[in-house]
Amino acid sequence: MMRHLLSAGDLSRDEALLVLDTAAEMARVAAAPVKKLPTLRGRTVVNLFFEDSTRTRTSFELAAKRLSADVINFSAKGSAVSKGEGLKDTALTLEAMGADAVVIRHAMSGAPHRLAGWVRGSVVNAGDGTHEHPTQALLDAFTMRSRLGRLEGLQVTLVGDILHSRVARSNVLLLRTLGAEVTLVAPPTLIPVGVEDWPAQVSYDFDRVLPKSDVVMMLRVQRERMGAVYFPSVREYSRRYGLDAARMAMLPPESVVMHPGPMNRGMEIAAEVADSPRSTIVEQVTNGVSVRMAVLYLLLGGAMGGASE
Amino acid sequence: MSNWLLRNVTILGAAPTDLHLADGVIAEVGRGLATGGAQVFDAAGLVALPGLVDLHTHLREPGREDAETVASGTLAAALGGFTAVHAMANTDPAADTAGVVEQVWRLGRDAGHCDVFPVGAVTVRRRGEQLAELGAMADSAARVRVFSDDGHCVDDAVLMRRALEYVKAFDGVVAQHAQEPRLTHAAQMNEGVVSARLGLTGWPAVAEESVIARDCLLAGHVGSRLHVCHVSTAGSVEILRWAKAKGIRVTAEVTPHHLLLTDDLVTGYDPVYKVNPPLRTAGDVAALRAALADGTIDAVATDHAPHSLEDKETEWGAAAFGMLGLETALGVVAEAMVSTGLLDWAGVADRMAVRPARIGRLDGQGGPLEPGAPANVVLLDPAATVTVDPGSLASRSRNTPYAGMTLPTRVVATFLRGRPTVLDGKPAESGGPGGGR
């Protein structure tokens, strides 16, 4: 295992499968009456969140606590720390406190890479700007595998704001490593220039992709994109790229619908879809804790730990 | 007055000869010159070029003396083989009045390491709203001929047209930082496969090319001189080639870093590679090299942009744009252009001294190395190499992208009007005022 988890693309197939298999073990712990392992007793995990994200922070916090680590939540948002020297000084502070792992969420792409150069502990990227969110991709893969029994050869369709989505970037890289085939669906304005280099197909036509999708993952459309000329109106976006009951009916029978949350119900996903049996949205949250336990375990204490970057 | 005899020097690739510098001018050129009272410098194996002229230098004074001063920046220039630099106008306060340009010019004269020609801002406070007093700067002691809002694009077409027209009165030139602002809102790096992967907001080539195209058409329409700063894309080269073929009076510069470095260096998010315009692709680098070789791009200009450590030791998105260039320019050009056979030393002299001096309308800079000409000379060792050590740079800042890189050629000595500013690759002891122009 690597020292840091910065990009889903850094994981080899074996490493990714090890995380998923370890997460399956962790899931058994979560199902037990006493949901706690002593594995990381005496180790310190810092949640360093420069951006609000209650669900991701809570998920990491619970994961670390279930492994008996000491957890510090360091919310940098709103404090004097907002940019620049702040990150380095924060890194030095965490270093001085003896953080074994730093889980960082940051609005700027690449901030975890910078942090990894300034601390001795492991750095886990919990979402950096419009770059990556590797633990989200891992929990998504875990969810697909547990629902559909395999990843190899799965047809996975990601729909929405690919341009700004860290979830999309991490999923494309990880799913490729694990043998799934990814199709990106979005209005052309929300597909990045340079996408031709990605191991994924691109389509502007959701309806044509639906019948061959084993998985449809809907991405959140950020408020700030609406009204920034990426698409004419919320209604038009929803009509062309939203997943409603009629579109859901076009999916093969076993297919599942995913969403990393938080959802804009009625925009990219209709309520009846989000709440349908095909939806894995709640499972994704549960699996998130198991996957993050596995990542922390493997980076910090696990049998595979100790190797350098 | 200094009096130097450079023995057995190679001038622009010709057979070795002697070069006698006396009373600030080149006194004699020829083999076996009598020593007379001159200090003799054994220049066997060394190449002499006219002192280099930089069209694009950020000296940061006044305003950011923590990053660079006129004195430290011009010393870096001398060590890089320059005898003249154009100091960009984006100081604080901006160089938009005769007072500020005269201050910068005087600081340069007092430091004495090389001539400093201030660039005047095109618009008041470089805000792109109203013309600065261009005539006052032209008439000042600083004798400004190059005007630029560099860092900002003069994107208003009417304002650009008026600026182009207005500077004709004193044979000035507008040096445009070509960047369409709406297309580059919050842009962080070249838009392409690397930006898509890294999730950094793209700076598309078209944002540069569209402004260059417009400005060429404007310059042609009003018959004015246009200079394009730091050309960075293959498409820009095509537009320039077209414009020159049409007879439009446009000149262009390319930075050393755009001749050597590509956007895949951004992969580790180290802001030392963050620069504006951004590092582009290998295809762009090849096109820029070819354009410099065939003269479509007239000059190499460093865009030397010192930044303090705290402005670079940050997240990529929070870091300042810019990289050092003066002390490594010649080595990078040697690597990109000479080692590849694209330019010989005469070509380097043309692109780094002769043409930049002509574009800036500088008298006494840019050669030729002939009797009677001002003795602005750089001696370089083409057989030597230099490994770049940020800690040993004369610049106050350390943001060089070439740290640890070994580059061909070494600047051995620089003479400013016959007086050595650099000897044996180190600052010459004499120092003192250079007398200005």
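Numbers at a glance
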{"quantity": "Segment B:283-310, subset of a type in the set (Asp, Glu) and modelled with pLDDT of 95 or more, residue surrounded by the most Cβ atoms within 10 Å (Cβ to Cβ)", "calculated": "B:303"}
{"quantity": "Total residues in segment A:199-250, condition buried (at least 18 other Cβ atoms within 10 Å of the Cβ), of a type in the set (A, V, I, L, M, F, W, C) and in contact with a helix residue (DSSP H, G or I) (Cβ under 9 Å, 6 or more places away or on another chain)", "calculated": "12"}
{"quantity": "Selected residue (only one of A:45, A:19 is farther than 29 Å from residue A:176 by Cβ, at pLDDT 95 or above and out of contact with any Gly (no Cβ under 7 Å at 6 or more places or on another chain))", "calculated": "A:45"}
{"quantity": "Residues located in segment B:58-80, provided they are outside any helix (DSSP H, G or I) and over 15 Å from residue B:322 (Cα atoms)", "calculated": "B:61, B:62, B:63, B:65, B:66, B:69, B:80"}
{"quantity": "Criterion violated by residue B:372 - all others in (1) small (Gly, Ala, Ser); (2) modelled with pLDDT of 95 or more; (3) buried (at least 18 other Cβ atoms within 10 Å of the Cβ); (4) under 26 Å from residue B:171 (Cα atoms) satisfied", "calculated": "(3)"}
{"quantity": "Count of residues meeting criterion [under 22 Å from residue A:282 (Cβ atoms), not small (Gly, Ala, Ser) and not in a helix (DSSP H, G or I)] in segment A:114-143", "calculated": "1"}
{"quantity": "Residue ID - farthest from the other protein chains (Cβ to nearest Cβ), chosen from residues in segment B:304-339 that are part of a loop (DSSP other than H, G, I, E, B) and of a type in the set (Gly, Ala, Ser)", "calculated": "B:339"}
{"quantity": "Test set (1) at pLDDT below 95; (2) over 30 Å from residue A:20 (Cα atoms) - residue A:265 fails condition number", "calculated": "(2)"}
{"quantity": "Matching entry among A:152, A:61 (being part of a loop (DSSP other than H, G, I, E, B), among the acidic types (Asp, Glu) and more than 14 Å from chain B (Cβ to nearest Cβ))", "calculated": "A:152"}
{"quantity": "Any hit, segment B:81-100, residues being in a strand (DSSP E or B) and aromatic (Phe, Trp, Tyr)", "calculated": "yes"}
{"quantity": "Cβ-Cβ under 7 Å pairs, at least 6 apart or on other chains, segment B:382-409 side farther than 12 Å from residue B:76 by Cα, far side among the aromatic types (Phe, Trp, Tyr)", "calculated": "B:388/B:402; B:401/B:273"}
{"quantity": "Residue that is outside the structural domain of residue B:173 (by TED's automatic domain parsing), in contact (Cβ under 8 Å) with a residue 40 or more places away in the chain and not polar (S, T, N, Q), where the choices are B:40, B:9, B:70", "calculated": "B:9"}
{"quantity": "Which listed residue, of A:169, A:235, is within 12 Å of chain B (Cβ to nearest Cβ) and either more than 16 Å from the chain's Cα centre (by Cα) or of a type in the set (Lys, Arg) (or both)", "calculated": "A:169"}
{"quantity": "Checking residue B:199 against (1) within 14 Å of chain A (Cβ to nearest Cβ); (2) at positive phi; (3) out of contact with any strand residue (DSSP E or B) (no Cβ under 9 Å at 6 or more places or on another chain), the condition it does not meet", "calculated": "(3)"}
{"quantity": "Pair list, Cβ under 7 Å, 6 or more apart: segment A:111-127 residue farther than 16 Å from residue B:267 by Cα, other residue aromatic (Phe, Trp, Tyr) and buried (at least 24 other Cβ atoms within 10 Å of the Cβ)", "calculated": "A:126/A:60"}
{"quantity": "The one condition in (1) surrounded by 23 or more Cβ atoms within 10 Å (Cβ to Cβ); (2) out of contact with any His (no Cβ under 7 Å at 6 or more places or on another chain) that residue B:148 fails to fulfil", "calculated": "(2)"}
{"quantity": "Selection count where residues are surrounded by fewer than 24 Cβ atoms within 10 Å (Cβ to Cβ) and not in a loop (DSSP other than H, G, I, E, B), scope segment B:267-282", "calculated": "5"}
{"quantity": "Residue, farthest from the other protein chains (Cβ to nearest Cβ), within segment A:95-112, restricted to residues that are surrounded by fewer than 24 Cβ atoms within 10 Å (Cβ to Cβ) and not in a loop (DSSP other than H, G, I, E, B)", "calculated": "A:96"}
{"quantity": "Residues that are polar (S, T, N, Q) and either assigned to a loop (DSSP other than H, G, I, E, B) or within 14 Å of chain B (Cβ to nearest Cβ) (or both), drawn from segment A:175-209", "calculated": "A:189"}
{"quantity": "So residue B:164, is it surrounded by fewer than 24 Cβ atoms within 10 Å (Cβ to Cβ) and touching a residue at least 12 places away in the same chain (Cβ under 8 Å)", "calculated": "no"}
{"quantity": "Segment B:129-150 residues that are touching a residue at least 60 places away in the same chain (Cβ under 8 Å), paired with ones that are part of a loop (DSSP other than H, G, I, E, B) and surrounded by fewer than 18 Cβ atoms within 10 Å (Cβ to Cβ) (beta carbon under 6 Å, 6 or more apart)", "calculated": "B:145/B:361"}
{"quantity": "Residues satisfying the stated conditions in segment B:163-188, i.e. facing chain A (nearest Cβ under 10 Å) and either within 25 Å of the chain's Cα centre (by Cα) or among the small types (Gly, Ala, Ser) (or both)", "calculated": "B:188"}
{"quantity": "Residue check for residue B:211: away from chain A (no Cβ under 12 Å) and free of Cβ contacts under 8 Å to residues at least 24 places away in the same chain", "calculated": "no"}
{"quantity": "Given (1) part of a loop (DSSP other than H, G, I, E, B); (2) surrounded by fewer than 20 Cβ atoms within 10 Å (Cβ to Cβ), number of the condition residue B:106 does not satisfy", "calculated": "(1)"}
{"quantity": "So residue A:28, is it more than 14 Å from chain B (Cβ to nearest Cβ), more than 20 Å from residue A:174 (Cβ to Cβ) and either touching a Leu at 6+ places or on another chain (Cβ under 9 Å) or among the charged types (D, E, K, R) (or both)", "calculated": "yes"}
{"quantity": "Lone qualifier among B:287, B:375, B:291, B:383 - being in contact with a Phe, Trp or Tyr (Cβ under 7 Å, 6 or more places away or on another chain) and not acidic (Asp, Glu)", "calculated": "B:375"}
{"quantity": "Given (1) within 14 Å of chain B (Cβ to nearest Cβ); (2) more than 13 Å from the chain's Cα centre (by Cα); (3) part of a helix (DSSP H, G or I), index of the condition residue A:146 fails", "calculated": "(1)"}
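For every residue, the table says whether it meets (1) within 28 Å of residue B:341 (Cβ to Cβ); (2) assigned by TED's automatic domain parsing to the domain that holds residue B:302; (3) touching a helix residue (DSSP H, G or I) at 6+ places or on another chain (Cβ under 8 Å); (4) modelled with pLDDT under 95.
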residue	(1), (2), (3), (4)
B:390	no, no, no, no
B:395	no, no, yes, no
B:404	yes, no, no, no
B:411	yes, no, yes, no
B:420	no, no, no, no
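The values are calculated or read from the model by the stated rules, or taken from the named source; none is laboratory data. Predicted model only: the values in this text are computed from it and were never measured. No Cβ is skipped: glycine too gets one built from the backbone with ideal geometry, and neighbour counts run over all protein chains shown.
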